[in-house]
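Novice: Sending over a structure as structure tokens; questions will come in a sec.
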């Protein structure tokens, strides 16, 4: 929620807890399908947020720095999270890439001093064991290694600088 809170004006925040609006069977791993999609469908049909659950009494906002947009069209950011697969999630969003003055195919991604290359579409765009930059499911720029653990292979983690230019 930190990035939503940063980029949008939150008008209300409720805990989604009324199981009446969930799918009838809930798996341990597919909450997007079993909880969030049915809840979104009900919201689109006009139920109130209050029907889903009580208002949240607080939100913990993490201090995630915004990327820096440079006059030359380049962007400086950093790794803010290493996921369980070893992918390096950055603070640079897909929206940030769209706002960059340099067209995406011409942006070269650097992780620290290492050239990763252009932003790719899929893992299959590079050979197994090779690093790549792509927009992940969170809509953030990620550095990954095809069939590998980027944090280990690239000796990188939270705070590692990212430069696109």
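The values are calculated or read from the model by the stated rules, or taken from the named source; none is laboratory data. None of these values were measured; they are calculated from a predicted model. Glycine gets a Cβ as well: all are built from the backbone with ideal geometry, and neighbour counts include every protein chain shown.
Novice: State whether the residues of the stretch 147-155 include one that is in contact with a strand residue (DSSP E or B) (Cβ under 7 Å, 6 or more places away or on another chain) and closer than 14 Å to residue 110 by Cα.
Specialist: The first filter runs over the stretch 147-155 and keeps only residues in contact with a strand residue (DSSP E or B) (Cβ under 7 Å, 6 or more places away or on another chain), leaving 150-151, 153-154.
Okay, now just the ones that are also closer than 14 Å to residue 110 by Cα, so 150, 154.
Yes - at least one qualifying residue is present in the stretch 147-155.
Novice: Counting residues that are touching a residue at least 24 places away in the same chain (Cβ under 8 Å), which helices (runs of 4 or more DSSP H) fully inside the stretch 16-112 reach at least 2?
Specialist: Details: elements: 37-44, 49-52, 94-99.
In the stretch 16-112, the matching helices (runs of 4 or more DSSP H) lie at 49-52, 94-99.
Novice: Looking only at the stretch 113-131, filter to residues that are out of contact with any helix residue (DSSP H, G or I) (no Cβ under 9 Å at 6 or more places or on another chain) and not in a loop (DSSP other than H, G, I, E, B); which one of those is surrounded by the most Cβ atoms within 10 Å (Cβ to Cβ)? Before the answer, list the steps.
Specialist: So in the stretch 113-131, the residues out of contact with any helix residue (DSSP H, G or I) (no Cβ under 9 Å at 6 or more places or on another chain) come out as 113-117, 120-128, 130.
Narrowing further to those that are not in a loop (DSSP other than H, G, I, E, B): 114-117, 120, 123-125.
Working: 114: 13, 115: 10, 116: 26, 117: 15, 120: 18, 123: 15, 124: 10, 125: 14.
For the stretch 113-131, the residue satisfying everything is 116.
Novice: In this structure, is residue 62 surrounded by 15 or more Cβ atoms within 10 Å (Cβ to Cβ) and in contact with a helix residue (DSSP H, G or I) (Cβ under 7 Å, 6 or more places away or on another chain)? Break it down into steps so the answer makes sense when it comes.
Specialist: On the way: surrounded by 15 or more Cβ atoms within 10 Å (Cβ to Cβ): no; in contact with a helix residue (DSSP H, G or I) (Cβ under 7 Å, 6 or more places away or on another chain): yes.
So residue 62 does not fit the description; no.
Novice: Among the residues of the stretch 60-68, is any at pLDDT 95 or above and more than 16 Å from residue 163 (Cα to Cα)? Reasoning before the result, please.
Specialist: As a first pass, look at the stretch 60-68 and keep what is at pLDDT 95 or above: 67-68.
Subsequent filtering for residues that are more than 16 Å from residue 163 (Cα to Cα) retains none.
No, every residue in the stretch 60-68 fails to be at pLDDT 95 or above and more than 16 Å from residue 163 (Cα to Cα).
Novice: Under the condition of being at pLDDT below 95 and over 18 Å from residue 100 (Cα atoms), which residue from the stretch 137-165 is surrounded by the fewest Cβ atoms within 10 Å (Cβ to Cβ)?
Specialist: Top of the filtered list is 137.
Novice: Now for a different question. Could you count how many residues in the stretch 132-165 are touching a helix residue (DSSP H, G or I) at 6+ places or on another chain (Cβ under 7 Å), farther than 19 Å from residue 94 by Cα and not in a loop (DSSP other than H, G, I, E, B)?
Specialist: The total comes to 1.
Novice: Mind checking whether some residue in the stretch 73-87 is under 27 Å from residue 32 (Cα atoms), under 15 Å from the mean Cα position of the chain (by Cα) and exposed (fewer than 11 other Cβ atoms within 10 Å of the Cβ)? Break it down into steps so the answer makes sense when it comes.
Specialist: Taking the stretch 73-87 as the starting set, the residues that turn out to be under 27 Å from residue 32 (Cα atoms) are 79-87.
Checking the rest, the ones that are also under 15 Å from the mean Cα position of the chain (by Cα) come to 79-87.
Subset that is exposed (fewer than 11 other Cβ atoms within 10 Å of the Cβ): 84.
Scanning the stretch 73-87, I find at least one residue that is under 27 Å from residue 32 (Cα atoms), under 15 Å from the mean Cα position of the chain (by Cα) and exposed (fewer than 11 other Cβ atoms within 10 Å of the Cβ), so the answer is yes.
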